[in-house]
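Okay, so here's the structure we're looking at.
The values are calculated or read from the model by the stated rules, or taken from the named source; none is laboratory data. Keep in mind that this is a model prediction, so the values were computed, not measured. Cβ coordinates were reconstructed from backbone atoms using ideal geometry, including for glycine residues, and neighbour counts include every protein chain displayed. Surface accessibility is based on the protein's heavy atoms, side chains included, excluding ligands, DNA and RNA. Shrake-Rupley method; radii C 1.70, N 1.55, O 1.52, S 1.80 Å.
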Amino acid sequence: MNKHTIAPKRWWYIMPIVFITYSLAYLDRANFSFASAAGINEDLGITKGMSSLLGALFFLGYFFFQIPGAIYAERRSVKKLVFVCLLLWGVCASLTGVVNNIPVLAAIRFVLGVVEAAVMPAMLIYISNWFTKSERSRANTFLILGNPVTVLWMSVLSGYLINAFGWREMFIFEGIPAVIWAVAWWLMVQDKPAQANWLSEDEKAALQAQLQKEQENIKAVPNYSEAFKSRNVIILCIQYFTWSIGVYGFVLWLPSILRNGSQMGMVEAGWLSAVPYLAATVAMIAVSWASDKLQNRKLFVWPLLLIGALAFLGSYIVGANNFWLSFGLLVIAGAAMYAPYGPFFAIIPEMLPRNVAGGAMALINAMGALGSFLGSWVVGYLNGTTGSPSASYILMGASLLISVWLTLIVKPAENKQPPLPHNAKHA
């Protein structure tokens, strides 16, 4: 059976589940930006500096629990881990709507980061168990599309919810779907193809044979320690750190930047905030398809990050007085930052064997969380103290330029040749 025709039903069964799960995770972490623009600071007496720290605290919790979550998912069960996470983050998200003081809000933001930490690496491990090398960039993209597509509809929905009810009700309403979805997840998901009763025995065998064949051409790495010390993993950790500074500085503070730039209401800010994510969705699909077609990952990462950097620097040069031109450049920056996610997360499973690839992806994602913490905190701080997003644009643009350089110095997987038979044996 040709590897391109192995059980096409996998796409129709698995991708909607993966997409919805990550969408809900993203909904409950990004809606804080709308509460910040809608009056949570005034209601709870939060200073501008404290507001940026609260927005960023999520990523601190997210950072610390990436690797433990990935190890559990790799060695035990993605299904059990994500089920518990869905329940807990839905509850935490809704509780945000009933807080009355800053310490409790800070604790909830941190805990929300902890329980969402395992989701991204667990889902990447899940995809690597079900999809072959020639499919992986597209599969990763359908996972990560949950990010811009969610912000797309969440921007509009949150604007209306806040307008109709208030920021408290927005948090309460938007936390409930994750708890409901936990039940659906438990009923529908199997960890490995061998456990799926909707695949034929022939399909299971063909898929397993193809996945095993791909592992045979990857140099053995005995343990996490060796994987974490490899040159490429270290470079990709720093690369994703600097990339995430740009992404999350943008995501968490875009509604506030727009409102301050043109004195618009929450509904208008919601609709305008959605535009970069619509562009990002289209770009991500096109880029992941091309990356799988050409089997070249780096080529679809660094040029797009360069475009994003130049767009941020262009927004700085244009200045706040030319709102629509600056907004157009922000749309380009948003699309260019999101587009390379699928190819990027396909790099590691092609360089490292399955026994350590999940942990390496978690380490890289953890460094991204640290970059996200820094980006969301510093961008919020700069916007608050300078009264303008200009300094933020320079920070985000410079971070992306460093990320471009680091992508260029990643070496291709030298372990692909020669594929000796004994290389198939790994711990």
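Given the structure, is residue 247 part of a helix (DSSP H, G or I) and at pLDDT 90 or above? The answer is no for residue 247. The criterion of at least 1 residues that are closer than 16 Å to residue 131 by Cα is met, among helices (runs of 4 or more DSSP H) falling completely within segment 152-231, by 201-216. Considering segment 250-303, the residues that are surrounded by 24 or more Cβ atoms within 10 Å (Cβ to Cβ) and not in a helix (DSSP H, G or I) include one that is modelled with the highest pLDDT, namely 301. For segment 282-296, the criterion of a residue being under 22 Å from residue 392 (Cβ atoms), over 18 Å from the mean Cα position of the chain (by Cα) and in contact (Cβ under 8 Å) with a residue 40 or more places away in the chain is satisfied by no position. Would you call residue 173 under 20 Å from the mean Cα position of the chain (by Cα), modelled with pLDDT of 85 or more and open to solvent by 20 Å² or more (accessible area, probe 1.4 Å)? The answer is no for residue 173.
Results for (1) in contact with a Ser or Thr (Cβ under 6 Å, 6 or more places away or on another chain); (2) farther than 20 Å from residue 373 by Cα; (3) free of Cβ contacts under 8 Å to residues at least 60 places away in the same chain; (4) not in a helix (DSSP H, G or I), shown as yes or no for each residue.
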| residue | (1), (2), (3), (4) |
| --- | --- |
| 21 | no, yes, no, no |
| 27 | yes, no, no, no |
| 35 | no, no, no, no |
| 73 | no, yes, no, no |
| 82 | no, yes, no, no |
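Return the residues of segment 94-107 that are surrounded by fewer than 24 Cβ atoms within 10 Å (Cβ to Cβ) and either of a type in the set (A, V, I, L, M, F, W, C) or part of a helix (DSSP H, G or I) (or both); say none if nothing qualifies. Answer for segment 94-107, where residues must be surrounded by fewer than 24 Cβ atoms within 10 Å (Cβ to Cβ) and either of a type in the set (A, V, I, L, M, F, W, C) or part of a helix (DSSP H, G or I) (or both): 94, 95, 97, 98, 99, 102, 103, 104, 105, 106, 107. Of all positions in segment 18-30, at least one carries a residue that is among the acidic types (Asp, Glu), more than 30 Å from residue 223 (Cβ to Cβ) and out of contact with any Pro (no Cβ under 7 Å at 6 or more places or on another chain).
Look at segment 206-219: where a residue is at pLDDT 80 or above and a partner is outside any helix (DSSP H, G or I) and open to solvent by 70 Å² or more (accessible area, probe 1.4 Å), sitting 6+ places away or on another chain with Cβ atoms under 8 Å, you get 206/1; 216/419. Being of a type in the set (Asp, Glu), surrounded by 21 or more Cβ atoms within 10 Å (Cβ to Cβ) and either at pLDDT below 90 or touching a strand residue (DSSP E or B) at 6+ places or on another chain (Cβ under 7 Å) (or both) is a condition met by at least one residue of segment 62-82.
Among the residues of segment 358-371, are any within 27 Å of residue 390 (Cβ to Cβ) and either open to solvent by 10 Å² or more (accessible area, probe 1.4 Å) or not in a helix (DSSP H, G or I) (or both)? Within segment 358-371 (the criterion being within 27 Å of residue 390 (Cβ to Cβ) and either open to solvent by 10 Å² or more (accessible area, probe 1.4 Å) or not in a helix (DSSP H, G or I) (or both)), the answer is yes, since at least one residue qualifies.
I'd like the full set of residues that are open to solvent by less than 10 Å² (accessible area, probe 1.4 Å), modelled with pLDDT of 85 or more and assigned to a helix (DSSP H, G or I), limited to segment 314-343. Selection gives 333, 334, 336, 337, 338, 341, 342, 343. Inspect all residues belonging to segment 225-240 and state whether any of them is touching a Pro at 6+ places or on another chain (Cβ under 8 Å), open to solvent by less than 20 Å² (accessible area, probe 1.4 Å) and closer than 27 Å to residue 11 by Cβ. No; the residues of segment 225-240 include none that is touching a Pro at 6+ places or on another chain (Cβ under 8 Å), open to solvent by less than 20 Å² (accessible area, probe 1.4 Å) and closer than 27 Å to residue 11 by Cβ. Residues in segment 375-411 that are in contact with a helix residue (DSSP H, G or I) (Cβ under 7 Å, 6 or more places away or on another chain) and not in a helix (DSSP H, G or I): 4 in all.
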